[in-house]
1. Residues in the range B:36-59: is at least one within 26 Å of B:ILE106 (Cα to Cα) and buried (at least 21 other Cβ atoms within 10 Å of the Cβ)?
2. Residues B:VAL81, B:VAL128: which one is more than 24 Å from B:VAL244 (Cβ to Cβ), away from every other protein chain (no Cβ under 12 Å) and crowded, with 19+ Cβ neighbours inside 10 Å?
3. Name, by its number, the condition in (1) outside the structural domain of A:PHE181 (by TED's automatic domain parsing); (2) over 16 Å from A:GLU285 (Cα atoms); (3) in contact (Cβ under 8 Å) with a residue 24 or more places away in the chain that does not hold for A:GLY251.
4. Looking only at the range B:224-234, decide whether some residue is surrounded by 18 or more Cβ atoms within 10 Å (Cβ to Cβ), part of a loop (DSSP other than H, G, I, E, B) and touching a Lys or Arg at 6+ places or on another chain (Cβ under 7 Å).
5. So which helices (runs of 4 or more DSSP H) are wholly in the range B:100-176 and hold at least 1 residues that are in contact with a Leu (Cβ under 8 Å, 6 or more places away or on another chain)?
6. When you scan the range A:72-100, how many residues do you find that are in contact (Cβ under 8 Å) with a residue 40 or more places away in the chain, part of a helix (DSSP H, G or I) and more than 8 Å from chain B (Cβ to nearest Cβ)?
7. Kindly evaluate A:GLN105 against the criterion of being on the phi < 0 side of the Ramachandran plot, surrounded by 23 or more Cβ atoms within 10 Å (Cβ to Cβ) and within 14 Å of chain B (Cβ to nearest Cβ).
Amino acid sequence: MAGPLHALSLKNLKKTYAGGVEALKGISLDVAEGDFFALLGPNGAGKSTAIGIISSLVNKTSGDVTVFGRSLEREPEAVKRCLGLVPQEFNFNPFEPIGEILVNQAGYHGIPRREAWQRAEQYLNQLELWDKRRQPARRLSGGMKRRLMIARALVHRPRLLILDEPTAGVDIEIRRSMWEFIRGINREGVTIILTTHYLEEAESLCRNLAIINQGEIIENSSMRELLTRLHSESFVLNLKRPLDQLPPHEGLWLKLSEPGLLEVCVNQEQGLNPVFDYLNRNHIEVASLRNKQNRLEQLFIGLLQRDREEMAPGRAISPSSRPMGQLLQEGEGEQPRLQGDG
Amino acid sequence: MSVSTTWIAYRTIVTKEILRFARIWMQTVLPPVITTTLYFIIFGRLIGSRIGPMGGVDYINYIVPGLVLMAVITNSYANVVSSFYQAKFQHHIEELLVSPAPNWVILAGFISGGVARGVTVGSVVLAVSCVFAEPHLHSIPLTLLVFVLTSALFALGGFINAVYANSFDDITIIPNFVLTPLTYLGGVFYSIDLLSPFWQQLSLFNPILYMVNAFRYGLLGLSDIPVGIALAMTLIFITALTLVSLRLLSKGVGVKT
């Protein structure tokens, strides 16, 4: 019996550049139809190479790419019809009016000009760019240029949309409105693959993810499953009155990073109550509290660190080189004391 | 892609290319007209009257086909080399590469844009020549055929140049150091009968000589080379460069990593 139809399927995809750099070392990945999928990784991990191969901008060395069951090698035109790409770098003609950019892109997909203008109006309106349709693209602000690239990627109504850092350099207000727009596109059934350095963005938008590091996939799971692996969270507490030293805090993981700033790491089962009990007992008043790190960011850093350690087998791994969350999760040895226990 | 969607994709590329050079007509159409006008005044009127007839016609009439074709060659080449290289440089070639438009449609679109500019500029220069000379039209179909074939051939040359170009310098090297000498030595201003046998034989290796002579035959009914051979050579070059261009596109040379 045939398996479910994947929007994207990568099988043992490899890319070695002319200089001998192995950008992809045989990655395999399936993205389900309708998914909102995050492809994460540090700079130079191979994300953009993978996206380049999927969108026919980079030649693969070996492996297979299948989009909605169609092989990129054997049916490139059919695959390209299904695909919309928002690349990381601006790649439009800066002298061309933005309405024309969309209509021409639709034309390359064989959409008649009248219909292309209707679609251009729809997407430019949704992305608040219709009033600028006669302006050359170079006159747009950075955020508008990003929105233009999203509109252009959608004009032929792709089933799979690849967003390579779509909100890079965009202010938070526009970023959030773009999130809403992209969510809406996904709700309409479009499969979305997102790469981003804003892990908060990935956590907020995506249901599944893969983390790629040094050309290999080191994690591939659902966002929920991954986040449940995070057994601890770190918080930063702003104290009302500065402290020189903390009173004894046996069993709690506290660090006074500045006289008025207290860092707390708590086990998820433990919760924050014991910390507040301790603070009340010692008459330490808290003005405000925030997460030290985004949850996904915490996991991401831990996974990359673990991968780096595994790549260097001869290297001694000191407990202090590991993230706090990972140490708590693994329950290794004694709980580290970040400051004398008083 | 179906025939109709392929046609729409092709038409989109061609329209975009034509609008591009039409929008900047002061840079694309006007300069060759001014340059050729100066040729007509200096070589035709001032010096030409002292040279006397060539091939049985006034010198100014003799140089009309060569000057028109020179404009066709440089403009069809320049259109594609600059347009395709800019698309590469600004990365908007990716708009086409991610689209389902087949490689031959992309190539045909750019070449048609080059042909459109070559034919446009050539026609304007031909019209200007009527002010200074009395060009005949010995064979309209042959004149038009040579117009289109020459434009297509040099548009293909411009395309291959753009594929390999990595800087703006790279797109000026071939026009300046290869195309211009070949054009000037391609019988634009003289008949190769005037040359010594050695230089006559050497000139036969210059592809531009065949096109200039075919075009001169179309306009004046004069040619140093049999027209059939001239057309056959042009078609052979077009076929070879088309195959090379398609191969480069399919391998992604210069446009894919």
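The values are calculated or read from the model by the stated rules, or taken from the named source; none is laboratory data. Computed from a predicted model, the values in this text were never measured in an experiment. Here Cβ is always computed from backbone atoms with ideal geometry, including for glycine, and neighbour counts include all displayed protein chains.
1. Of all residues in the range B:36-59, those within 26 Å of B:ILE106 (Cα to Cα) come to none.
No, there is no match, as no residue in the range B:36-59 is within 26 Å of B:ILE106 (Cα to Cα) and buried (at least 21 other Cβ atoms within 10 Å of the Cβ).
2. On the way: B:VAL81 fails: more than 24 Å from B:VAL244 (Cβ to Cβ).
Unique residue meeting the criteria: B:VAL128.
3. (3)
4. No, every residue in the range B:224-234 fails to be surrounded by 18 or more Cβ atoms within 10 Å (Cβ to Cβ), part of a loop (DSSP other than H, G, I, E, B) and touching a Lys or Arg at 6+ places or on another chain (Cβ under 7 Å).
5. Values: elements: B:103-132, B:140-164, B:170-174.
Answer list for the range B:100-176: B:103-132, B:140-164.
6. If we filter the range A:72-100 for residues that are in contact (Cβ under 8 Å) with a residue 40 or more places away in the chain, which is where we start, we get A:81-88, A:90-98.
Narrowing further to those that are part of a helix (DSSP H, G or I): A:81-82, A:98.
This time we only want the ones that are more than 8 Å from chain B (Cβ to nearest Cβ), so: A:82, A:98.
Of the residues in that region, 2 qualify.
7. When the stated conditions are applied, A:GLN105 passes them.
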